[in-house]
Amino acid sequence: MEHVRLGRTGLQVSRLCLGTMTFGLQCDETGSVAIMDRAAEGGITFFDTADVYPLGGDLTTAGRTEAIVGRWLKGKRGNYVLATKCFGKMGPNAWDQGNSRKHILDAVDASLRRLQTDYIDLYQLHGPDPSTPIDETLRALDDVVRAGKVRYVGCSNFLSYQVARALGRSEALGVARFDSVQPRYNLLFRQIERELLPLCAEDGVGVIPYNPIAGGLLSGKHKTDAPEGRFTLGSAGKMYQERYWHEREFGTVEQLRPLAEEAGMSMAQLAVAWVLANPTITAPIVGASKPAQLDDSLRAAETPLSGALKARLDELTTPYRMGDAAR
């Protein structure tokens, strides 16, 4: 498994990142351990989680995923780069969520306890918080870095202008800056190519995108009349259906199928390989509900797309690149 720098930092991360949001609900602990074992065997040393996981859960399950990951990491913590996040609701109080100083400081300590570790390699804001000044958030993140609890900081689901503003404010304040972003990115969602990816390339920000196979839709295994898996998972099912469960997206999947067959790849391998082919991408976050589902992603990391095939895929999915402007 190739390792690359995370943005402009000196931190080396594996070319694939294991996403763990299925652990504790879609997958029980035994299955989760098997998935982590398979990822480790395949050379993945970069794991991503969040305090609110598992996906599709509620306050009664929040934190379960971190606890599972922490138990697995016990005794081998130094062999892995560990990322987690805060922002989502973690308790009954109004302050148990968001990017306030209070919540960040509380959330970091709670994650450290669940993960059974003294430090988090990459600590990310899971989303923007319009009710908290960005200066307050950045100063709190800087404090946890200076305290040795966190090594690097990043963000997820931020718009381009929010990332740019945060970078500018961190420079002005002289505090730790975002060294990574975690956006959604796949053949069916390409809008970040217009502004976010150029910003990251210019400012040396690592990009660790999630949903490289669109919640499983790009595997080509789903039928329009039978949602399953992530598309029916607890509180997350509706969100995933709204993202991808549309006639246009299913039509595109069928157009992609012969290209995958021609290349001798599975649909999932093709989708992950396409994300990896973008030079601004650091490490796609790949998930699984069974260990064998990681095999396509591992093969994608070993078999780069040809330039000709990437160009065909780019052309076919150009409409998914467009947002509020034509290009």
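The values are calculated or read from the model by the stated rules, or taken from the named source; none is laboratory data. Predicted, not measured: the structure shown is a model, and the values here were computed from it. Cβ coordinates were reconstructed from backbone atoms using ideal geometry, including for glycine residues, and neighbour counts include every protein chain displayed. Remember, those area values only see protein heavy atoms, side chains included, never the ligands or the DNA or RNA. Shrake-Rupley method; radii C 1.70, N 1.55, O 1.52, S 1.80 Å.
It is to be established whether one or more residues within region 217-224 are closer than 20 Å to Pro54 by Cβ and open to solvent by 40 Å² or more (accessible area, probe 1.4 Å). Checked against the condition, which is being closer than 20 Å to Pro54 by Cβ and open to solvent by 40 Å² or more (accessible area, probe 1.4 Å), region 217-224 yields no hits at all. Of the candidates Ala236, Ala260, Ala271, the single residue that is touching a Gly at 6+ places or on another chain (Cβ under 7 Å) and open to solvent by less than 10 Å² (accessible area, probe 1.4 Å) is Ala236. Consider region 38-57 and keep the residues that are of a type in the set (Asp, Glu) and open to solvent by less than 20 Å² (accessible area, probe 1.4 Å). The one that is nearest to Arg113 (Cα to Cα) is Asp51. Looking at Arg248, Arg321, just one residue is touching a helix residue (DSSP H, G or I) at 6+ places or on another chain (Cβ under 6 Å), among the charged types (D, E, K, R) and over 27 Å from Gln26 (Cα atoms), and that residue is Arg321.
Residue check: is Tyr185 aromatic (Phe, Trp, Tyr), more than 17 Å from Cys200 (Cβ to Cβ) and crowded, with 19+ Cβ neighbours inside 10 Å? Walk me through how you get there before you give the answer.
Values: aromatic (Phe, Trp, Tyr): yes; more than 17 Å from Cys200 (Cβ to Cβ): no; crowded, with 19+ Cβ neighbours inside 10 Å: yes.
When the stated conditions are applied, Tyr185 does not pass them.
Taking strands (runs of 3 or more DSSP E) that fall entirely within region 1-119, which contain at least 1 residues that are touching a helix residue (DSSP H, G or I) at 6+ places or on another chain (Cβ under 9 Å)? Step through it out loud before you land on a result.
Working: elements: 3-5, 12-14, 17-19, 46-48, 81-86.
Here the list reads 12-14, 17-19, 46-48, 81-86.
Val253 - would you say it is over 16 Å from the mean Cα position of the chain (by Cα), modelled with pLDDT of 90 or more and either within 24 Å of Ala311 (Cα to Cα) or surrounded by fewer than 19 Cβ atoms within 10 Å (Cβ to Cβ) (or both)? Steps first, please.
Values: over 16 Å from the mean Cα position of the chain (by Cα): yes; modelled with pLDDT of 90 or more: yes; either within 24 Å of Ala311 (Cα to Cα) or surrounded by fewer than 19 Cβ atoms within 10 Å (Cβ to Cβ) (or both): yes.
Against the criterion (over 16 Å from the mean Cα position of the chain (by Cα), modelled with pLDDT of 90 or more and either within 24 Å of Ala311 (Cα to Cα) or surrounded by fewer than 19 Cβ atoms within 10 Å (Cβ to Cβ) (or both)), Val253 qualifies.
Annotation note: Cβ proximity below 7 Å between a residue of region 1-15 that is touching a residue at least 60 places away in the same chain (Cβ under 8 Å) and a residue that is open to solvent by 70 Å² or more (accessible area, probe 1.4 Å) and in a loop (DSSP other than H, G, I, E, B) (sequence gap 6+ or interchain) occurs for Ser14/Met1; Arg15/Met1; Arg15/Glu2.
Is it true that Arg151 is open to solvent by 60 Å² or more (accessible area, probe 1.4 Å), within 20 Å of the chain's Cα centre (by Cα) and either aliphatic (A, V, I, L, M) or closer than 28 Å to His3 by Cβ (or both)?
On the way: open to solvent by 60 Å² or more (accessible area, probe 1.4 Å): yes; within 20 Å of the chain's Cα centre (by Cα): yes; either aliphatic (A, V, I, L, M) or closer than 28 Å to His3 by Cβ (or both): yes.
Considered against the rule, which asks whether it is open to solvent by 60 Å² or more (accessible area, probe 1.4 Å), within 20 Å of the chain's Cα centre (by Cα) and either aliphatic (A, V, I, L, M) or closer than 28 Å to His3 by Cβ (or both), Arg151 comes out as yes.
Conditions tested, residue by residue: (1) at pLDDT below 95; (2) of a type in the set (S, T, N, Q); (3) open to solvent by 20 Å² or more (accessible area, probe 1.4 Å).
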{"position": "Leu59", "(1), (2), (3)": "no, no, yes"}
{"position": "Ala62", "(1), (2), (3)": "no, no, yes"}
{"position": "Gly70", "(1), (2), (3)": "no, no, no"}
{"position": "Gly75", "(1), (2), (3)": "no, no, yes"}
{"position": "Asn79", "(1), (2), (3)": "no, yes, yes"}
{"position": "Lys89", "(1), (2), (3)": "no, no, yes"}
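Among the residues of region 20-37, those that are open to solvent by 10 Å² or more (accessible area, probe 1.4 Å) and farther than 11 Å from Arg64 by Cα comprise Gln26, Thr30, Gly31, Val33, Ala34, Asp37. Within region 275-294, residues that are free of Cβ contacts under 8 Å to residues at least 60 places away in the same chain and closer than 15 Å to Ala201 by Cβ reach partners that are open to solvent by 40 Å² or more (accessible area, probe 1.4 Å) and not in a helix (DSSP H, G or I) with beta carbons closer than 7 Å, at six or more positions or on different chains, in the pairs Ala277/Pro304.
Quick one: is Arg230 under 19 Å from the mean Cα position of the chain (by Cα) and either farther than 27 Å from Ala34 by Cβ or at pLDDT 95 or above (or both)?
Working: under 19 Å from the mean Cα position of the chain (by Cα): yes; either farther than 27 Å from Ala34 by Cβ or at pLDDT 95 or above (or both): no.
No: the conditions fail for Arg230.
Is there a residue in region 159-177 that is at pLDDT below 95 and either open to solvent by less than 30 Å² (accessible area, probe 1.4 Å) or within 15 Å of the chain's Cα centre (by Cα) (or both)? No, region 159-177 contains no residue that is at pLDDT below 95 and either open to solvent by less than 30 Å² (accessible area, probe 1.4 Å) or within 15 Å of the chain's Cα centre (by Cα) (or both). Per the conditions (1) without any contact (Cβ under 8 Å) to a residue 60 or more places away in the chain; (2) within 21 Å of Leu16 (Cα to Cα), the sole criterion not satisfied by Ala271 is (1).
Of all the criteria given as (1) at pLDDT below 95; (2) in a helix (DSSP H, G or I), the one not satisfied by Glu262 is (1).
Residue pairs whose Cβ atoms lie under 6 Å apart, separated by 6 or more positions or on different chains, with the first residue in region 233-251 and assigned to a loop (DSSP other than H, G, I, E, B) and the second open to solvent by 10 Å² or more (accessible area, probe 1.4 Å), are Leu233/Gln26; Leu233/Gly56.
Looking at region 194-218 only, could you name the residues that are over 22 Å from Phe47 (Cβ atoms) and assigned to a helix (DSSP H, G or I)?
Of region 194-218, the ones over 22 Å from Phe47 (Cβ atoms) are 194-199, 201-204, 217-218.
Hits for region 194-218 are Leu196, Leu197, Pro198, Leu199, Ala201, Glu202, Asp203, Leu217, Leu218.
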